[in-house]
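Structure record follows, encoded as structure tokens.
The values are calculated or read from the model by the stated rules, or taken from the named source; none is laboratory data. Every value quoted in this text rests on a predicted model; they were computed, and no experiment measured them. No Cβ is skipped: glycine too gets one built from the backbone with ideal geometry, and neighbour counts run over all protein chains shown.
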Amino acid sequence: MLRERRSEQVRIDNNFKAIEDRGIRIPDELSVLSFDDDDTFLLHKPTINTVRQPLYELGVEAARILLAHIAAGTKPVQTHIHMLKTSFIERNSIAPASAPK
């Protein structure tokens with residue numbers, strides 16, 4: 001898990017470096033939104049807006065569906081849609097919408 005998170009952080013940092021190297025200003029010229037909140041998003045300038053997902057609950061629900069199929073002796077052939085609550089964490093990486101032209 002730590003190695004995976006570290007590689008994700010490298011990708012994020014490399015993307016921000018590439019944006020910065022091109023002189024693109026966040027959020028003035030490019031708005032950024034991420035999923036799966038991470039403490040390191042607070043270290044970026046500007047800090048990164050994110051949608052926090054309930055990762056533990058996602059795992060619990062996936063395990064529940066899998067165990068139900070195992071118990072019933074069925075194969076999961078259909079798509080399961082389950083709504084779980086997310087939350088928007090507002091920081092500084094999204095510009096206000098501009099007026100239509």
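Values for this structure:
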read-out	value
Enumeration of residues in region 34-74 that are hydrophobic (A, V, I, L, M, F, W, C) and under 30 Å from LYS17 (Cβ atoms)	PHE35, PHE41, LEU42, LEU43, ILE48, VAL51, LEU55
Conditions (1) surrounded by fewer than 15 Cβ atoms within 10 Å (Cβ to Cβ); (2) under 15 Å from the mean Cα position of the chain (by Cα); (3) of a type outside the set (A, V, I, L, M, F, W, C); (4) at pLDDT below 80: number failed by ASP38	(1)
Residue list for region 37-62, restricted to those being in contact with a strand residue (DSSP E or B) (Cβ under 7 Å, 6 or more places away or on another chain), more than 17 Å from HIS82 (Cα to Cα) and part of a loop (DSSP other than H, G, I, E, B)	ASP37, ILE48
Check on ILE65, more than 30 Å from ASP28 (Cα to Cα), modelled with pLDDT under 90 and in a helix (DSSP H, G or I)	yes
Whichever residue in region 1-35 is among the β-branched types (Val, Ile, Thr), modelled with pLDDT of 80 or more and within 19 Å of ILE89 (Cα to Cα) and, among such residues, is surrounded by the most Cβ atoms within 10 Å (Cβ to Cβ)	VAL32
Residues being assigned to a loop (DSSP other than H, G, I, E, B), closer than 22 Å to VAL51 by Cα and not hydroxyl-bearing (Ser, Thr, Tyr) - total across region 68-101	13
